[in-house]
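Novice: Provided herewith is a single structure, encoded as structure tokens, for subsequent inquiry.
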Amino acid sequence: MALASKAKIFHFEIVESTNDVAFELLKEGEKSVVVVADWQTAGRGRNGKTWESSKQKNLLFSFGVSHSIKDISLYLLQVIGSLATKKTLEKYIDKERIYLKYPNDVYVKTDDEYKKIAGIISETNYLNENNCHSVIGIGVNIMQVPDKENVPNAVALAECTKLKNEINIEKITLELKNNIEEILTNSEENIFNTWTKELNIIGKKIIVLQEEKKQYFALSILKDCRLLVEDSEKQQKIIDNGDTIRYEFQ
Ligand code: BTN
């Protein structure tokens, strides 16, 4: 893929959002950056949510790149973020316990529960009709789940690894950066296929949060990464980034 290049790493103590800093650096002329911070005062999650994290406890990471629109299908950015995050966590947690949740969360099986360990958001600013700046923002709970009361189904890496003493946020930053760069050397088709295989969602029962009482079945993942589902009356519907869904991982 034409996007493959080595990113420069920038570390900050406090920022509003590492995604915003990545955009600023790209605007100043950097081609490819990784921005990490010890703390964010206005961390962004998907669908207008905030992303909370205590100081120096977790990975707050953004990968930014300046590129031409032809270089990559933008909907693959989140996919790259989630595949790279899963790969990074596989060094610390058994592969079989890590699940990608559609569209772009990473979950870990702990006892009999599945809990969110990481979230991914991708954002793009268009410079003109040919060029843009894109940022993949990744938050991974490393040492601490920010707010157990409000996020009961979250887990931190330290709670679910046997390698607690080997956890080092700087090292994980490099591992995640390398995994993103490695994935970017693959073809779009290969990335998409790896992702759909990892997701393993086809044929599963899907509950859409806004329609709790209704049940859908996952039919296929469209080329633009949206999910095609069907209800019991064979009515089809497309699920995208703005929807929150529930389904059994296994
Ligand atoms: C989600 O699950 O809703 C996505 C959360 C993404 C959070 C990360 S933390 C680093 C980067 N900077 C932000 O402001 N957000 C992302």
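The values are calculated or read from the model by the stated rules, or taken from the named source; none is laboratory data. Computed from a predicted model, the values in this text were never measured in an experiment. In this analysis, Cβ positions are derived from the backbone assuming ideal geometry, glycine residues included, and neighbour counts consider all displayed protein chains.
Novice: Enumerate the pairs (first residue in segment 39-67 and closer than 12 Å to PRO146 by Cβ and in contact (Cβ under 8 Å) with a residue 12 or more places away in the chain; second residue anywhere and more than 10 Å from the ligand (Cβ to nearest atom) and in a strand (DSSP E or B)) with beta-carbon separation below 6 Å, excluding pairs fewer than 6 apart on the same chain, so at least 6 apart or on different chains.
Specialist: Every condition considered, the pairs that remain are TRP39/ILE14; LYS55/ASP38; LYS55/TRP39.
Novice: Further question on the same structure: Among what's in segment 128-149 and is surrounded by fewer than 19 Cβ atoms within 10 Å (Cβ to Cβ) and free of Cβ contacts under 8 Å to residues at least 60 places away in the same chain, pick the residue that is nearest to LYS101 (Cα to Cα).
Specialist: LYS148
Novice: Anything in segment 155-196 that is small (Gly, Ala, Ser) and over 26 Å from ILE221 (Cα atoms)? List them, or say none.
Specialist: Selection gives ALA156, ALA158.
Novice: Any idea how many residues of segment 173-217 are modelled with pLDDT under 95, in a helix (DSSP H, G or I) and within 16 Å of LYS101 (Cβ to Cβ)?
Specialist: 1
Novice: Turning to a different aspect of this structure: Please find, among TYR92, TYR75, TYR114, the residue that is within 19 Å of LYS204 (Cα to Cα) and touching a residue at least 40 places away in the same chain (Cβ under 8 Å).
Specialist: Of TYR92, TYR75, TYR114, the one residue that is within 19 Å of LYS204 (Cα to Cα) and touching a residue at least 40 places away in the same chain (Cβ under 8 Å) is TYR114.
Novice: If you scan segment 150-172, which residues turn out to be over 14 Å from ILE98 (Cα atoms) and assigned to a loop (DSSP other than H, G, I, E, B)?
Specialist: Scanning segment 150-172 gives ASN150, VAL151, PRO152, ASN153, LYS162, LEU163, ILE167, ASN168.
Novice: Now for a different question. Please work out which residue is farthest from the ligand (Cβ to nearest atom), limiting yourself to segment 10-23 and to residues that are surrounded by fewer than 15 Cβ atoms within 10 Å (Cβ to Cβ) and not in a loop (DSSP other than H, G, I, E, B).
Specialist: GLU13
Novice: Right, next: Go through segment 36-121 and tell me which strands (runs of 3 or more DSSP E), entirely inside it, have 3 or more residues that are within 14 Å of the ligand (Cβ to nearest atom) and surrounded by 24 or more Cβ atoms within 10 Å (Cβ to Cβ).
Specialist: 59-68
Novice: Hey, another quick one. Within segment 218-232, identify whether any single residue is assigned by TED's automatic domain parsing to the domain that holds SER62, touching a residue at least 40 places away in the same chain (Cβ under 8 Å) and in contact with a strand residue (DSSP E or B) (Cβ under 6 Å, 6 or more places away or on another chain), and answer yes or no.
Specialist: The answer is no, given that none of the residues of segment 218-232 is assigned by TED's automatic domain parsing to the domain that holds SER62, touching a residue at least 40 places away in the same chain (Cβ under 8 Å) and in contact with a strand residue (DSSP E or B) (Cβ under 6 Å, 6 or more places away or on another chain).
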